[in-house]
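Take a look at the structure below.
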Amino acid sequence: MKKTLLIALLLISFLGFSQTTKPIDGFLGIKFGSSRTVVLAAVRAKGGEIDKSYNDADALVFDNVNLGHRTADVLIVKFIDNKSFDAEFDFKPEVEAKVISDYDDLVTDLTEVYGKGQDTKNYTLPYKEGDGETLLGLSAGKIDFNTLWLADNKNALEVSISTDMQVELTYQDSKLFDEAVARQKSKDKADY
């Protein structure tokens, strides 16, 4: 009986440590809600270069940002009331044919950090899984590859493949995102 209890306690402690995952509370070590100044300094420290051709009070655009062993072609960070709430990294594969393997590799790396996400692959006719036309279907917007991690606080992390054959990684603060959407809807209604 004591042996069984000891083994059970050892297994519980081992499993408890192996199930630890990182919370979704920011990107690149930058907490959601950080100001433009903080984001600018932190992204520059990761090798990012500000894209000066894009000037908007609600977003910053960076080129060549290092994320782990990958370099994003573009990083767009969105703000509401000078608080960051959304960061989208775009990764262009060396060759278009590698987009699925690049997607799978990124999902694997993120799974090691955040745990298993919800993987979805949707095919719209005439495309179907295994038909050898996946790249064409992805570029036509008829096939969707998407993996979503949703935290207890409803913050999200998503990886997808865009129709321009890039792997997109988005980190999002749900409360600030909802506030930004509500504000945009109000602005849109005022235009009518």
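The values are calculated or read from the model by the stated rules, or taken from the named source; none is laboratory data. Bear in mind the structure is a predicted one, so any value in this text is a computation, not a measurement. For neighbour counting, all protein chains shown are included, and Cβ atoms are generated from backbone atoms with ideal geometry for every residue, glycine included.
Values computed for the structure shown
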item	result
Subset tally (residues that are of a type in the set (Ser, Thr, Tyr) and either assigned to a loop (DSSP other than H, G, I, E, B) or over 15 Å from residue 169 (Cβ atoms) (or both)) for segment 93-125	4
Segment 94-113: number of residues that are in contact (Cβ under 8 Å) with a residue 60 or more places away in the chain and touching a strand residue (DSSP E or B) at 6+ places or on another chain (Cβ under 8 Å)	5
Test result for residue 85, modelled with pLDDT under 95, within 26 Å of residue 66 (Cβ to Cβ) and not basic (Lys, Arg)	no
Residue ID - nearest to residue 181 (Cα to Cα), chosen from residues in segment 16-67 that are in a loop (DSSP other than H, G, I, E, B) and among the aromatic types (Phe, Trp, Tyr)	32
Single condition residue 184 does not satisfy, out of (1) within 11 Å of the chain's Cα centre (by Cα); (2) at pLDDT below 90	(1)
Residues of segment 114-125 satisfying the condition of being free of Cβ contacts under 8 Å to residues at least 60 places away in the same chain and of a type outside the set (D, E, K, R)	117, 118, 120, 122, 123, 124, 125
Residue in segment 126-158 that is surrounded by the most Cβ atoms within 10 Å (Cβ to Cβ), counting only those that are touching an Asp or Glu at 6+ places or on another chain (Cβ under 7 Å) and assigned to a strand (DSSP E or B)	147
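Every residue, every condition in (1) surrounded by 17 or more Cβ atoms within 10 Å (Cβ to Cβ); (2) within 19 Å of residue 165 (Cα to Cα), yes or no:
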position	(1), (2)
64	no, yes
76	yes, yes
79	yes, no
107	yes, yes
124	no, yes
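To keep it simple, each residue is scored yes or no on (1) under 24 Å from residue 62 (Cα atoms); (2) among the hydroxyl-bearing types (Ser, Thr, Tyr); (3) out of contact with any Cys (no Cβ under 6 Å at 6 or more places or on another chain).
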{"residue": "88", "(1), (2), (3)": "yes, no, yes"}
{"residue": "102", "(1), (2), (3)": "yes, no, yes"}
{"residue": "107", "(1), (2), (3)": "yes, no, yes"}
{"residue": "127", "(1), (2), (3)": "no, yes, yes"}
{"residue": "141", "(1), (2), (3)": "no, no, yes"}
{"residue": "155", "(1), (2), (3)": "yes, no, yes"}
{"residue": "163", "(1), (2), (3)": "yes, yes, yes"}
{"residue": "181", "(1), (2), (3)": "yes, no, yes"}
